[in-house]
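Participant: One structure, pasted below without further comment.
The values are calculated or read from the model by the stated rules, or taken from the named source; none is laboratory data. Predicted model only: the values in this text are computed from it and were never measured. A quick note on method: Cβ atoms are made from the backbone with ideal geometry, for glycine too, and the neighbour counts reach across all protein chains shown. Keep in mind that these areas ignore ligands, DNA and RNA; they rest on the heavy atoms of the full protein, side chains included. Shrake-Rupley method; radii C 1.70, N 1.55, O 1.52, S 1.80 Å.
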Amino acid sequence: MTHRGALAARRFWTGGILTEIPVDLNGLFRSLGIRVYLHGSGGVDAACSRLAGRVTLSLNAQMPPPRRRFTAAHELGHLVLGHAPVLPGRPRLAWQEREADDFASELLMPAWALRRDSALLLPPGQRELVLARRFRVSRQAMGLRLARLGCLPSPKTEPPPDRSVEALFP
């Protein structure tokens with residue numbers, strides 16, 4: 001299994017392009033010269049096009065903001081990884097989707113930051129929610145990322161409930 005997507009995203013962090021959690025996607029896209037637009041539903045979550053050297057990303061305005069952020073990072077992954085544009089009626093290959101997902105996960109939820117923040121003593125059942133809010137991703141995306149990184153403690157090692165969770169990441 002290749003980790004090409006995660007390695008490509010990590011370069012944004014190690015190269016100093018990204019420096020803060022949560023990632024400022026608007027600033028990142030602006031710095032890369034990518035125009036981002038919102039469109040009505042129409043059944044398409046995202047569309048990326050390159051015309052006369054300009055890259056445009058169109059995102060479905062009906063998506064919840066955390067999902068829209070992940071989708072935008074996923075589409076950026078396709079661009080950075082050099083995946084060929086999608087042709088009508090021909091979906092991307094599964095390995096390309098996996099690479100773009102890995103890119104988006106590492107870009108928005110870098111392993112180093114999750115390992116650091118998941119070590120905080122958070123109440124049972126609240127870890128994913130608190131971290132999802134901090135990184136501005138969906139709880140589902142956070143849960144998958146934590147599981148893949150091995151950052152979900154077993155129930156025996158989970159600390160007792162702490163009612164000050166909201167104060168951790170306002």
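Participant: How high is the relative contact order of the chain, in percent, with contacts defined as C-alpha pairs under 8 Å that are six or more residues apart? Mind dumping the intermediate values first?
Facilitator: Details: 197 pairs, mean separation 40.4, N = 170.
Relative contact order, the chain: 24 percent.
Participant: Can you list residues from other chains, or at least 5 along the same chain, whose modelled amide H is less than 5 Å from the amide H of Val55?
Facilitator: Residues meeting the amide H criterion: Arg35.
Participant: Which of rounded, prolate, oblate describes segment 1-48, given a ≥ b ≥ c as roots of the alpha-carbon gyration tensor eigenvalues and a/c under 1.5 marking rounded, otherwise prolate only if a/b is larger than b/c? Display every interim value, and only then the final one.
Facilitator: Numbers: a/c = 2.61, a/b = 1.47, b/c = 1.77.
Here segment 1-48 falls in the oblate category.
Participant: Could you work out what % of the accessible surface of segment 1-119 is carbon and sulfur, using a 1.4 angstrom probe and leaving DNA, RNA and ligands out of the count? Spell out each step's value before the answer.
Facilitator: Working: 3800 of 6650 Å².
Percent of accessible area from carbon and sulfur atoms in segment 1-119: 57.
Participant: Please give the contour-minus-distance gain from Trp95 to Leu144: 0.36 nm per residue of separation, less the Cα-Cα distance, rounded to one decimal in nm.
Facilitator: Additional length available on full extension: 15.9 nm.
Participant: How much of the DSSP bridge set in segment 14-143 is antiparallel, in percent, rounded to the nearest 5?
Facilitator: Details: 7 of 13 bridges.
Of all bridge pairs located within segment 14-143, approximately 55 percent are antiparallel.
Participant: Enter the accessible area per residue of the chain (Å², integer; probe 1.4 Å; all protein chains in place). If you can, show how the numbers build up before the last one.
Facilitator: Working: 9860 Å² over 170 residues.
Here the residues of the chain average 58 Å² of exposed surface.
Participant: Still on this structure: Suppose each label sits 7 Å from its Cα in the direction of the beta carbon; what would the Trp112-Thr14 distance come out to in nanometres?
Facilitator: So the two model labels end up 0.9 nm from each other.
Participant: Taking N as the number of residues in segment 59-142, what value does Rg over Cα atoms divided by 2.2 N^0.38 Å take?
Facilitator: On the way: Rg = 14.7 Å, N = 84, 2.2 N^0.38 = 11.8 Å.
Compactness ratio reported: 1.24.
Participant: Summing Lys, Arg as +1 and Asp, Glu as -1, what charge do residues with Cβ under 13 Å from the Cβ of Pro85 carry, Pro85 excluded?
Facilitator: Details: positive: Arg50, Arg90, Arg92; negative: Glu75.
Overall, the nearby charge balance is +2.
Participant: So what's the net charge close to Trp95: Lys and Arg +1, Asp and Glu -1, counting the other residues with Cβ under 13 Å from its Cβ?
Facilitator: Details: positive: Arg4, Arg92, Arg98; negative: Glu97, Glu99, Asp101, Asp102.
It works out to a net charge of -1.
Participant: Evaluate E = 1/(1 + (r/R0)^6) for Thr56 and Ala119, where r is the Cβ-Cβ distance and R0 equals 45 Å; express this FRET efficiency to the nearest 0.05.
Facilitator: Details: r = 40 Å, r/R0 = 0.89.
Plugging the Cβ-Cβ distance into 1/(1 + (r/R0)^6) gives 0.65.
Participant: Quick one: the Cα spread of segment 1-138 along its three principal axes, in angstroms, biggest first?
Facilitator: The Cα atoms of segment 1-138 stretch 49, 31, 30 Å along the principal axes, largest first.
Participant: For the modelled label position 7 Å from the Cα of Arg136 along Cα-to-Cβ, which residues of segment 2-22 have backbone nitrogen atoms closer than 16 Å?
Facilitator: Zone members listed by number: 18-22.
Participant: Pop a pseudo-label 7 angstrom from the Cα along the beta-carbon direction at both Gln126 and Leu87 and give the gap in nm to one decimal.
Facilitator: Spacing of the two 7 Å Cα→Cβ label points: 5.3 nm.
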